[in-house]
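Structure record follows, encoded as structure tokens.
The values are calculated or read from the model by the stated rules, or taken from the named source; none is laboratory data. For clarity, every value in this text was computed on a predicted model and none was experimentally measured. So basically every Cβ, Gly included, is an ideal-geometry build from the backbone, and we count neighbours across all protein chains shown. Remember, those area values only see protein heavy atoms, side chains included, never the ligands or the DNA or RNA. Shrake-Rupley method; radii C 1.70, N 1.55, O 1.52, S 1.80 Å.
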Amino acid sequence: MEVIIRPNADAAAALVARIIAKELRANPHLVLGLATGRTMESVYRLLAQMHRKEGLDFSLCSTFNLDEYVGLAPGDPHSYRHCMNEHLFQRVNVEPRNTHLPNGQAPDLDAECRSYEAAIAKFGGIDLQLLGIGRAGHIGFNEPLSAFKSRTRVKALAPLTLEQNAEFFGGADKVPRRAITMGVGTILESRRCLLLATGEEKAEIIAKAVEGPITSMISATALQLHARCTVVVDEAAASRLEGSEYYRRIFATEPEWEEFRNSN
Ligand code: GLP
């Protein structure tokens, strides 16, 4: 795992967008794993801007989102499908048929989960998986006690997650109780993971996820087992990390990061 600390949330999102853009330019057929949440909105805004201004081309890439609420129609303004259409898919030239999210309204949810896994495999697996982190430490909707070998499945949402997503639904009691989510095992199979977290409210969970013991109580700690995982944080989210001096030195001196150093 490597941790990159940027001065503020905008700079952290800009770095993530530039990493994605670099991977996409190197491999136009990129299979991109996507995430939702407030943190990702600025990344998608920047990618849309790169598409408009620099011709960043999404025409050959395909996408797989981490999760979707059970019971919401794709057109429901609270659904992750709607959110992805609004924030990214309608703003770039990705082929709509190459964008994938689990169908939260599938009549047979288990069959839907199996076919989602099969679709990822058919596309050759995920090259780059973008991740946020919930305050309970989940990646996707892999709530506490998610097995590290878990695959795409239906998961009951934890109380903290319901609370965290309450404002979108006008109260915790209105948040769907279940979601389909890629499993921790599914996420760990992607070739590269890129996690973005910003803001003071993420500082404690980032310290646990990055430097704490590996535990299924905090599914993000599974990323410590991944061979190529980059965690990008702003100063606020980095404030509880013990090794920040070392992480800063890596970004400041290692050749791999040279081209990214002068981004704001
Ligand atoms: C939801 C999503 C997660 C996301 C999290 C954090 O729970 N299922 O994938 O990481 O929200 O969201 P935010 O960026 O709004 O803090």
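Annotations
- Excluding ligands, DNA and RNA, the accessible surface per residue across the stretch 143-192 is 47 Å² with a 1.4 Å probe.
- Measuring nothing but how far apart in sequence close Cα pairs (under 8 Å, 6+ apart) lie, relative to its length, the chain scores a relative contact order of 25 percent.
- Cross-link reach list, lysines versus K208, counting only Cα pairs under 22 Å and skipping chain neighbours closer than eight places: K149
- Straight-line cross-link partners of K155 among the lysines, defined as a Cα under 18 Å from its Cα and at least 8 positions apart when in the same chain: K174.
- Computed magnitude of the charge dipole of the chain (debye, nearest 20; Cβ of K, R +1, Cβ of D, E -1): 380 debye
- Compared with the alpha-carbon gap, the fully stretched path from E41 to L145 is longer by 34.6 nm at 0.36 nm per residue.
- For GluC sites (Glu not before Pro), the sites in the stretch 187-264 that DSSP calls loop and that have at most 12 other Cβ atoms within 10 Å are E242.
- Inverse mean reciprocal Cα-Cα distance (Kirkwood Rh) of the chain, Å: 18.4 Å
- Share of alpha-carbon pairs per 5 Å distance bin for the stretch 10-87, given as whole %: 3, 15, 23, 26, 18, 10, 5, 1
- Structure-based [θ]222 nm, the chain - -39500 (n - 2.57) summed over DSSP H runs of at least 4, per residue, nearest 500: -10500 deg cm²/dmol
- Stretchable slack from L60 to R228, in nm (0.36 nm times residue separation minus alpha-carbon distance): 58.1 nm
- Value of relative contact order over the stretch 93-172, rounded to a whole percent, pairs C-alpha under 8 Å and six or more apart: 23 percent
- Dipole of the stretch 16-119 [Lys/Arg +1, Asp/Glu -1 at C-beta], most positive-end residue of S79, Q49, L32: Q49
- Of all lysines in the structure, the ones whose alpha carbon falls short of 17 Å from that of K53, not counting any fewer than 8 places away in one chain, are K22.
- On a per residue basis, the stretch 14-61 carries 41 Å² of accessible surface, using protein heavy atoms and a 1.4 Å probe.
- Scanning residues 5 or more positions from I218 or on other chains, those with amide H under 5 Å from its amide H are L145, with H placed 1.01 Å from N in the peptide plane.
- Protein accessible area in the stretch 2-262, 1.4 Å probe - carbon and sulfur %: 51 percent
- Backbone amide hydrogens, once placed in the peptide plane, bring L34 within less than 5 Å of F64, N65, L66, L130, excluding anything fewer than 5 places away on its chain.
- Modelled spin-label separation between F260 and M217, with each label point placed 7 Å from Cα along the Cα-to-Cβ direction: 3.1 nm.
- Residue-normalised convex hull volume from the C-alpha trace of the stretch 158-252: 117 Å³ per residue.
- Partnerless cysteines, meaning none of the other Cys C-beta atoms lie under 4.7 Å away, in the chain: C61, C83, C113
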